[in-house]
Amino acid sequence: MNKILLSTINARYSHASLGLRSLYANLGELKDHTELLEFTLQNRPEEIVEEIIKKEPNIVAFGIYIWNIELFLKVIPLLKQTHPEIIIISGGPEISFEYEKSPLYEYIDHIICGEAEVTLPNTLASILNDKKDILKVIKEIKPDLPSLNYPYQYYSDHDIENRNLSVELSRGCPFGCEFCISSLDSKVRQFPVESFLAEIETLWNRGARKFKFIDRTFNLKYDQCSIVLDFFLNKNDSYFLHFEMVPDRLPQSLRDTILKFPKGSLQFEIGIQSFNPEVSKSIGRNQDYNAIRENLHFLMNETTVHVHADLIIGLPGEDLESIGKGLDTLYSLTDQEIQVGILKRLPGAPIDRHTLKHQIIYSKTAPYEIMQSDTINYKLMMKLKRFARYWDLVINSGNFKQTQKILLDESPFTQFLKFSNWLYSTTNKTHQISLERLTQFIATYMIDELGLEKTEVHNLVELDYMGVEGRKLPKFLNPQYQDGKMSQKKQGTDRQKRH
C-alpha cells in the first residue's frame, strides 16, 4: 500500500497542528497508511526534505500558512526537483486563494481549497485508484461538523505535556471585516457542545491544562459559551484558557460567569482594530464603541481576566492622528497587552478592493504587510513598524511596568513614538537587543531626553529589572561601574585576586 504523509511547518515547537490531526482523524481506512510529520521554522529546507524522504512516502500533503509560506517556497521545489515521483498535495489559507499567482503552483500536483476533511480523503482515494481525471485545483466541500471525527485523541502525551493545545467549538465568522479571510465564511457552524466537551474531558483526564480555543467569535452564542465556561468552573485543578471574544458582546449573564474564574485562568483576545468609526465601517467592521469601553472597563476593574487587545496600523483611510488617538484610547482602557499589528493583504481577503483608491502598496512576500498608502508614506510606515516592534519589547513584555508610566506619560502614542525614533537612531536595531541593554537604553533616554534625575531613573529601572527572581544587577546600575566601565579601584582589586 502507498504511504501518505501529512505535514506542516509550525511557527515554533510549542505549537501542535490541529489541522493535521483533524485531517488524519477523518481519513477512514487510509489512516493505517498515513503518518503525521511536523517541523518548525527553525528547520532548514534541506533538513525537512531529508526527513520526508526517510519516510519513503508516495504522497505528501502539506498545510501552508502565512507563517510557513516562505520556507515552503524552498521546501516544495526542492522536494519536487529531487523526487519528482512523489505526489504533492497542498492546502491551507496560503494556497487556497490566488493559487495561480503562487510560485508553488507548478510544483504542486493537487491543490485543495478551504476545509479539507472531505476533499482530502476523496482525492487520496482517487489517486490510489489510479484515476486520471483528478483536477489540479479541487474546490472546497464544507464538511458537516457534527459528522466529523474529533482530532483530540491524536494529541500525544508529549504534546499535552509540552505544547499548546488548540481546540475549536465552531468555524466561520458572521462579521465582514475585509482584512480577514474569515469574512468569506459568514455562516458560523458549530460542533455539538456535548460531544465536544466529552473530548475535552478526555484530554483533561490525560493531564491537559492549557487550551487555546481558535473560534473566531467564541462569545457569539451565549448559551454555548456559558456551557463551556461552566465546564471548566467545575474543575478543581488550575488551568489556562484562551478565547477570541467579540469586544462589544458581554451580557450580564456572561459577566456573572466570568467573575467566578480565578486569577491566571482566562485570557481574552479582543480585536478592536480601530477606534475610528468611519474607517471601521469602510472595511465592513461595525462595532458598538460604547459597549467596548464598558466591557473593557468591566474586564480590567472587576475581573482577573488577562486582556490581549488588537489594533491595526495601515487600515484604508486611517492617518497618523487617528492611529494615535486609537492607541491612546485603548491604553486608557487597558494597560495589559495591546498588540499593535500591521495591515496585511492576505490572499483572497476583500481588503484588496481599497488598494487602488488609497494607493496602497503591500510587500509581495509574506506576511504581505502594507508599505505605504495615501495617508501614510513609506518613511512614516517604517517608523510605525518599528513602533510596533518596540512596543512589544517594552510595553507588552511586562518588564517595565514602573518605567512605562513615565515613558508614556499623558499621550502614550506620541511619547512612545518619540522613544521609538530615538531608540532606532541610537541602536539601528529592532531585534537582538538584550534585556539588560534595553534597560540601559531606556534609562539613558529618560535622563538625556526627558531630563529626569539619574538617581530617580536608576531607582525605577532597578525596581523593574530586579523584579524578576534570579536577575543580577545590570552593570550600568552597579556602583562598582562608572559610565559602563569598572572603576580603576575595582579593576585593581580583581587583578590582585587573580594573581
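First check a/c for the range 4-138, with a ≥ b ≥ c the square roots of the eigenvalues of its C-alpha gyration tensor; if it is under 1.5, answer rounded, and if not, answer prolate when a/b is larger than b/c or oblate otherwise.
Rounded, because the longest to shortest axis ratio a/c is under 1.5.
Once the other residues with Cβ under 13 Å from the Cβ of ILE111 are scored (Lys, Arg +1; Asp, Glu -1), what is the net sum?
-3
At 0.36 nm per residue, minus the direct Cα-Cα distance, what do THR304 and LYS401 gain on full extension? Give it in nm, one decimal, please.
That works out to 33.2 nm of additional length.
Report ³J(HN,Hα) in whole Hz for each residue of the range 318-327, in order, from the Karplus equation J = 6.51 cos²θ - 1.76 cosθ + 1.60 where θ = phi - 60°; Gly and Pro get x.
8, 9, 4, 4, 5, 4, x, 4, x, 5
For a label point 7 angstrom out from the Cα of GLU100 toward its Cβ, which stretches of the range 126-158 have the backbone nitrogen within less than 18 Å?
Zone members listed by number: 135-140.
Quick one: net charge around ILE313, please, counting Lys, Arg +1 and Asp, Glu -1 for every other residue with C-beta under 12 Å from its C-beta.
+1
Run through the DSSP bridge list for the chain and note the antiparallel percent, rounded to the nearest 5.
Approximately 15 percent, going by the DSSP bridge assignments.
I want the local charge near LYS401. Using Cβ-Cβ distances under 10 Å, sum +1 for each Lys or Arg and -1 for each Asp or Glu among the other residues.
Every neighbour counted, the sum reads -1.
What ³J(HN,Hα) values, in whole Hz, does the Karplus curve 6.51 cos²θ - 1.76 cosθ + 1.60 give for the range 105-111 when θ = phi - 60°, with x put for Gly and Pro?
Values, residue by residue: 4, 6, 9, 8, 6, 9, 10 Hz.
5 Å is the cut-off here: which amide hydrogens, built 1.01 Å from N in the peptide plane, fall below it relative to ASN219, excluding neighbours closer than 5 in sequence?
Amide H neighbours of ASN219: VAL246.
Between ASP237 and ASP409, what length in nm is gained on full extension when 0.36 nm per residue of separation is reduced by their alpha carbon distance?
The span from ASP237 to ASP409 would gain 57.9 nm if fully extended.
Name the residues whose placed amide hydrogens come within less than 5 Å of the amide hydrogen of GLY348, ignoring near sequence neighbours (fewer than 5 apart) on the same chain.
none
Given axes a ≥ b ≥ c from the Cα gyration tensor, I'd like to know whether the range 159-215 is rounded (a/c under 1.5), prolate (a/b larger than b/c) or oblate.
Oblate.
Obtain the nm distance between the two label points defined at ASN478 and ASN205 by a simple spin-label model: each point lies 7 Å from its Cα along the Cα-to-C-beta direction.
5.5 nm
What do you get for the angle between helix 289-302 and the principal long axis of the chain? Use alpha-carbon atoms, 0 to 90 degrees, nearest ten.
Value to nearest ten degrees: 70.
Full-extension gain between LYS260 and GLU194, please, as 0.36 nm times their residue separation minus the C-alpha to C-alpha distance.
My answer for the length gained is 21.6 nm.
So if R0 is 25 Å, what FRET efficiency would ASP319 and LEU450 give, r being the distance between their Cβ atoms, rounded to the nearest 0.05?
0.40
With a point put 7 Å past each Cα toward its Cβ, work out how far MET466 is from GLU278 in nm, to one decimal.
Once both label points are built, they end up 5.2 nm from each other.
In degrees between 0 and 90, to the nearest 10, how far off the longest principal axis of the chain does helix 454-465 point, with axes built from Cα atoms?
So the inclination is approximately 30 degrees.
Taking only DSSP H segments of four or more residues, each worth -39500 (n - 2.57), what value at 222 nm results for the chain once the sum is divided by all its residues, to the nearest 500 deg cm²/dmol?
-11500 deg cm²/dmol, from helical runs alone.
Around ASP310, which amide H atoms from residues at least 5 apart in sequence, or from another chain, sit under 5 Å from its own amide H, with H modelled in the peptide plane?
Answer set, sorted by chain and number: ILE270, GLY271, ILE272, GLN273, GLN339.
Which whole-Hz couplings ³J(HN,Hα) result when phi for each residue of the range 418-424 is put into the Karplus expression 6.51 cos²θ - 1.76 cosθ + 1.60, θ = phi - 60°, listed in order with x for Gly and Pro?
Result, ordered by residue: 4, 5, 4, 5, 5, 4, 5 Hz.
Helix 119-128 against the longest principal axis of the chain: what's the angle in degrees, Cα atoms only, rounded to the nearest 10?
That works out to roughly 50 degrees.
No lab work stands behind these numbers, since they all come straight from the coordinates. Computed from a predicted structure; not experimentally measured. No Cβ is skipped: glycine too gets one built from the backbone with ideal geometry, and neighbour counts run over all protein chains shown.
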